[in-house]
Amino acid sequence: MQQRFLDPRVLASISNLELVAKTVVDGFIAGLHRSPHFGFSQEFAEYRMYNEGDDLRFVDWNVFARTERTYIKRYKGETNSRLTILIDASASMGYGSNGVTKADYSRYLAASIAYMAQQQRDAAGVIVFDDDVRAYVAPSSRQGTFRRTMNAIEQAEPGKTTNYQRPFFHFQSMLRNRRGLVVVISDFYDDPEVLVKLIEPLRYRGNDVVLFHILDPQEVRPKFDGPVLLIDSENESELETSPEYAAQEYRAKIDAHVMALADKSRAAGLTYHMHTTDTPLDAALREFLLVRQGRM
């Protein structure tokens, strides 16, 4: 595995986002011992009888329970399927304690997923938002769409406060009958119950929804040598805190927030991943694709 290429701090030295995506994906695929084509969305094709050696994950156990016969569900790749990536570009995403901001990591992740989609001839688009929709590129197979998508991702610099309602409403208004994959990348600093209620409707019409919860290591396990003054990057409110508070009460609160968001997301049928910005990109992609493969 070409781990040195996948370290987020190394990627920060590459100026071209498409090159970053190619480096990440090619390095990731080079470390796999099987085909990288897990598929973003697959369409059911037919049943056939089970043959010795077939993958048991594709056995339809419901049919077996009714008929006591073992059938395999066969799928065909759905070319030009739709991938829409929603990227949080609010001010809080500009924080970074290790040389890589949450916005940087989100861009690398979004670009890598879009690049994989393009390599599989799937249509990838993007919505960039803070308190409003700042950029929108509809998923399309037309020439030039991938370039516009990558450009919108690259321009997703931290801006204002967060308003999840507007971009999600905008996306719903653009939905067509064709299902697809929706990826939401954010630090999700809001009430988990409110967030999930806003995001859950994105599953309408058969969409699969994946949440990437991106946090800085200092936000998960802060370490301070003495009292510090914390300033909210979005509303500029101030909070003086101590190392003791950071190590005990704050950790309990952030752990509870992450757990609540994970639990409520999964209960609503959303796929949830949490990564800190020091997580190698290959690890994030591996987890994402293995979960996708397991859901097919």
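Checking the structure you have, find out if any residue of region 146-166 is free of Cβ contacts under 8 Å to residues at least 24 places away in the same chain and in contact with a strand residue (DSSP E or B) (Cβ under 8 Å, 6 or more places away or on another chain). Taking every residue of region 146-166 in turn, at least one turns out to be free of Cβ contacts under 8 Å to residues at least 24 places away in the same chain and in contact with a strand residue (DSSP E or B) (Cβ under 8 Å, 6 or more places away or on another chain). Among the residues of region 224-244, not a single one is among the hydrophobic types (A, V, I, L, M, F, W, C) and modelled with pLDDT of 70 or more.
Determine, yes or no, whether ALA123 is buried (at least 19 other Cβ atoms within 10 Å of the Cβ), closer than 30 Å to GLN218 by Cα, within 19 Å of the chain's Cα centre (by Cα) and touching a residue at least 40 places away in the same chain (Cβ under 8 Å).
On the way: buried (at least 19 other Cβ atoms within 10 Å of the Cβ): yes; closer than 30 Å to GLN218 by Cα: no; within 19 Å of the chain's Cα centre (by Cα): yes; touching a residue at least 40 places away in the same chain (Cβ under 8 Å): yes.
Criteria not met by ALA123.
Report yes if SER141 is of a type in the set (Gly, Ala, Ser) and surrounded by fewer than 23 Cβ atoms within 10 Å (Cβ to Cβ), otherwise no. Against the criterion (of a type in the set (Gly, Ala, Ser) and surrounded by fewer than 23 Cβ atoms within 10 Å (Cβ to Cβ)), SER141 qualifies. Set side by side, the residues PHE28, PHE58 differ, and just one is assigned by TED's automatic domain parsing to the domain that holds GLN155 and either exposed (fewer than 12 other Cβ atoms within 10 Å of the Cβ) or modelled with pLDDT of 65 or more (or both), which is PHE28.
State whether one or more residues within region 145-155 are more than 19 Å from the chain's Cα centre (by Cα), among the charged types (D, E, K, R) and at pLDDT 90 or above.
Filtering region 145-155 down to residues more than 19 Å from the chain's Cα centre (by Cα) leaves 145, 147-148.
Imposing the further condition that a residue be among the charged types (D, E, K, R) reduces the set to 147-148.
Those still in the list that are at pLDDT 90 or above too: 147-148.
For region 145-155, residues more than 19 Å from the chain's Cα centre (by Cα), among the charged types (D, E, K, R) and at pLDDT 90 or above: present.
The values are calculated or read from the model by the stated rules, or taken from the named source; none is laboratory data. A quick note: this is a predicted structure, and the numbers were derived from the prediction, not measured. Virtual Cβ from ideal backbone geometry, glycine too; neighbours counted across all protein chains shown.
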